[in-house]
Amino acid sequence: MIENLNPFAIAQAQLDEAAAVLQLDPDMHAFLREPMREFHFTIPVRMDDGRTRVFKAFRVQYNDARGPGKGGVRFHPDETIDTVRALAAWMTWKTAVADIPLGGAKGGVICNPRELSRGELERLSRGYMRNVWRFVGLDQDSPAPDVNTNAQIMAWMLDEYETLTGQHEPGVITGKPLELGGSAGRPPATAMGGIFAIRETGRVLGIDLQGATCAIQGYGNVGSFAHKLAVEILDLKVVAVSDEFGGIYHANGLDYPTIAAHVRETGRVPDAPDADAISNNDLLTLDVDVLIPAAIENQLTGQNADEVRARIIAELANGPTTPEADDVFDEKGIYVIPDFLCNAGGVTVSYFEMVQNAYQFYWDETLVSDRLDKKMTTAFHAVHDMAQRKQVSNRVAAYLVAIDRVATAVRLRGWV
Ligand code: NAD
């Protein structure tokens, strides 16, 4: 049978499994299976050659029972409404498992940003905000960066929002440049949260991580910081990294400053000095202690799960593992730190950014990372303990923790 790789079908299947364990009320289950609202729109962009191109775009507000929506905007040629729905659902479970007072949302534009000039990218980003500004805001929904979007794009979106509303409201967007009210420690936050979760995994499993081997797929914001911090914080030996163009390997470990400089110069991982070439699939099946998928969805599937040899899989990407691969990892006893727990560091520091914006009072990087550590450690142990108590996988346990919190808020509001 061919595996269903539709991310939203996967997100719903994961919810269904957890709902069965929880014996969730069927009406609540039906409500939590679907987004509360979604926006589909077109963005006409004047291109540099004078022609107008029309881009399709989405914003999905999955659930805001626990607080205003929160979620990134992704620019990707393969973006679909179902990817955005899945990512918005995972944001809902992520804010709940991290126990921050926000709901779940996500946005996307079908485009290839590599083919756009800087001016075209700015007009597209501003066009996105012109379409959603009425439906976003501090008390409704606040966007952030995701794949192929960054602090500069957040700055353009923020400026467009403030121009349209005539108000200064920096908290409406997070992941902003520091100069516009961004938080210290936001760029490395997603990776750092995952590194804290890996540290706690070492503790509960009784594994000494010093010098343990690690492979990382994806070398964007999350993957490159994961390389840096895995070495700096945990003293892991990162033997392989990759991006969409291919990967590199060295048994003695890859030097972060060398690889980062090569990627800055060439825009890609392959051909970095002092390393051999390796394919993405070979990277995923390396015999390492820690495997960190930090690229996109559906990388660990029924096709390659049998060959995966890592002891710990730390899912910094959203949705890297399909349900079929999950079953294989369960059987093999691989410790999976599920995505919406492992990568919750980003939204947690985004929340800290909103708090700092509201108070106009800014924290230093040490305070941010100490507070992030506390949040991640608490969330990790809530999930780990639930998995032990109920004898379920970490992913199901993370859903049990998150669904309980969201369902309680829904019930208290009297929606179901
Ligand atoms: P990014 O655009 O900065 O980097 C993505 C990286 O993945 C790039 O190196 C790209 O070359 C690589 N990639 C893309 N397709 C690939 C493929 N098929 N095989 C191998 N590599 C591939 O994005 P990012 O912000 O680093 O996000 C990475 C993942 O982390 C995504 O799943 C995203 O949803 C998730 N995430 C990001 C944040 C955040 O704060 N940025 C927070 C939570 C989760």
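The values are calculated or read from the model by the stated rules, or taken from the named source; none is laboratory data. Keep in mind it's a predicted model, so treat the numbers as computed, not measured. So basically every Cβ, Gly included, is an ideal-geometry build from the backbone, and we count neighbours across all protein chains shown. Remember, those area values only see protein heavy atoms, side chains included, never the ligands or the DNA or RNA. Shrake-Rupley method; radii C 1.70, N 1.55, O 1.52, S 1.80 Å.
Looking at this structure, is G267 open to solvent by less than 50 Å² (accessible area, probe 1.4 Å), free of Cβ contacts under 8 Å to residues at least 60 places away in the same chain and over 21 Å from I198 (Cβ atoms)?
Values: open to solvent by less than 50 Å² (accessible area, probe 1.4 Å): yes; free of Cβ contacts under 8 Å to residues at least 60 places away in the same chain: yes; over 21 Å from I198 (Cβ atoms): yes.
Yes, satisfied.
How many residues does the range 351-368 contain that are open to solvent by less than 30 Å² (accessible area, probe 1.4 Å) and in contact with a helix residue (DSSP H, G or I) (Cβ under 8 Å, 6 or more places away or on another chain)? Working first, answer last.
Going through the range 351-368, the residues open to solvent by less than 30 Å² (accessible area, probe 1.4 Å) turn out to be 352-354, 356-357, 368.
So of that shortlist, the ones also in contact with a helix residue (DSSP H, G or I) (Cβ under 8 Å, 6 or more places away or on another chain) come out as 352-354, 357, 368.
Number of matching residues: 5.
Limited to the range 239-251, what total is found for residues that are within 14 Å of the ligand (Cβ to nearest atom) and either over 25 Å from the mean Cα position of the chain (by Cα) or closer than 23 Å to T321 by Cβ (or both)? First the steps, then the outcome.
Keep residues of the range 239-251 that are within 14 Å of the ligand (Cβ to nearest atom), which gives 240-248.
Restricting the remaining residues to those that are either over 25 Å from the mean Cα position of the chain (by Cα) or closer than 23 Å to T321 by Cβ (or both) gives 240-247.
Qualifying residue count for the region: 8.
If only one of L316, L254, L283 is assigned to a helix (DSSP H, G or I), within 16 Å of the ligand (Cβ to nearest atom), surrounded by 15 or more Cβ atoms within 10 Å (Cβ to Cβ) and outside the structural domain of D82 (by TED's automatic domain parsing), which one is it?
Working: L316 fails: assigned to a helix (DSSP H, G or I); L254 fails: assigned to a helix (DSSP H, G or I).
None of the others qualify; the one that does is L283.
If I ask for residues that are open to solvent by less than 10 Å² (accessible area, probe 1.4 Å) and part of a helix (DSSP H, G or I), which ones from the range 102-147 would you list?
Answer for the range 102-147, where residues must be open to solvent by less than 10 Å² (accessible area, probe 1.4 Å) and part of a helix (DSSP H, G or I): L124, S125, G127, Y128, M129, V132.
Do any residues in the range 290-302 that are touching a residue at least 40 places away in the same chain (Cβ under 8 Å) have Cβ atoms under 9 Å from those of residues that are open to solvent by 30 Å² or more (accessible area, probe 1.4 Å) and among the basic types (K, R), where the two are at least six apart or on different chains, and which pairs are they?
Short answer, once both residue conditions are applied: V290/R311; L291/R309; L291/R311.
Based on what the data block shows, is R309 of a type in the set (K, R) and assigned to a loop (DSSP other than H, G, I, E, B)? Lay out the reasoning, then the answer.
Working: of a type in the set (K, R): yes; assigned to a loop (DSSP other than H, G, I, E, B): yes.
Answer is yes for this residue.
Somewhere in the range 378-389, is a residue surrounded by 13 or more Cβ atoms within 10 Å (Cβ to Cβ) and of a type in the set (K, R)?
Scanning the range 378-389, I find no residue that is surrounded by 13 or more Cβ atoms within 10 Å (Cβ to Cβ) and of a type in the set (K, R), so the answer is no.
Can you tell me which of E38, E3, E17 is under 30 Å from E115 (Cα atoms) and in contact (Cβ under 8 Å) with a residue 12 or more places away in the chain?
Working: E3 fails: under 30 Å from E115 (Cα atoms); E17 fails: under 30 Å from E115 (Cα atoms).
Residue meeting the stated conditions: E38.
Taking the conditions exactly as written (open to solvent by less than 10 Å² (accessible area, probe 1.4 Å) and within 14 Å of A314 (Cα to Cα)), does G218 satisfy them or not?
Judged against the criteria, G218 is a match.
Pairs, please: C-beta under 6 Å, at least 6 apart or cross-chain, first residue of a type in the set (V, I, T) and more than 6 Å from the ligand (Cβ to nearest atom) and in the range 209-220, second open to solvent by less than 10 Å² (accessible area, probe 1.4 Å) and assigned to a strand (DSSP E or B)?
Listed pairs, sorted by first residue: T213/V239; I216/V241; I216/I292.
Looking at (1) open to solvent by 40 Å² or more (accessible area, probe 1.4 Å); (2) within 19 Å of V416 (Cα to Cα); (3) under 19 Å from the mean Cα position of the chain (by Cα), which is the only condition D78 fails?
Of (1) open to solvent by 40 Å² or more (accessible area, probe 1.4 Å); (2) within 19 Å of V416 (Cα to Cα); (3) under 19 Å from the mean Cα position of the chain (by Cα), only one is false for D78: (2).
Among (1) modelled with pLDDT under 95; (2) within 20 Å of E179 (Cα to Cα), where does V147 come up short?
(2)
Does A57 count as small (G, A, S) and outside the structural domain of V109 (by TED's automatic domain parsing)?
Values: small (G, A, S): yes; outside the structural domain of V109 (by TED's automatic domain parsing): no.
Criteria not met by A57.
Kindly list the number of the only condition in (1) closer than 23 Å to D287 by Cβ; (2) within 16 Å of the ligand (Cβ to nearest atom); (3) among the β-branched types (V, I, T); (4) not in a loop (DSSP other than H, G, I, E, B) that fails for V263.
Every condition holds for V263 apart from (1).
Just the residues that are without any contact (Cβ under 8 Å) to a residue 60 or more places away in the chain and either closer than 23 Å to E244 by Cβ or within 12 Å of the ligand (Cβ to nearest atom) (or both), please, taken from the range 322-357.
Answer for the range 322-357, where residues must be without any contact (Cβ under 8 Å) to a residue 60 or more places away in the chain and either closer than 23 Å to E244 by Cβ or within 12 Å of the ligand (Cβ to nearest atom) (or both): just A325.
Just to verify a result, which residue in the range 358-383, among those that are among the aromatic types (F, W, Y) and in contact (Cβ under 8 Å) with a residue 60 or more places away in the chain, is nearest to G103 (Cα to Cα)? Steps first, answer last, please.
Going residue by residue through the range 358-383, those that are among the aromatic types (F, W, Y) are 359, 361-363, 380.
Subset that is in contact (Cβ under 8 Å) with a residue 60 or more places away in the chain: 362-363, 380.
Working: Y362: 24, W363: 24, F380: 19 Å.
Among those that are among the aromatic types (F, W, Y) and in contact (Cβ under 8 Å) with a residue 60 or more places away in the chain, it is F380.
Tell me whether the range 294-307 contains one or more residues that are within 24 Å of R203 (Cα to Cα), open to solvent by 10 Å² or more (accessible area, probe 1.4 Å) and within 14 Å of the ligand (Cβ to nearest atom).
Checked the range 294-307: at least one residue is within 24 Å of R203 (Cα to Cα), open to solvent by 10 Å² or more (accessible area, probe 1.4 Å) and within 14 Å of the ligand (Cβ to nearest atom).
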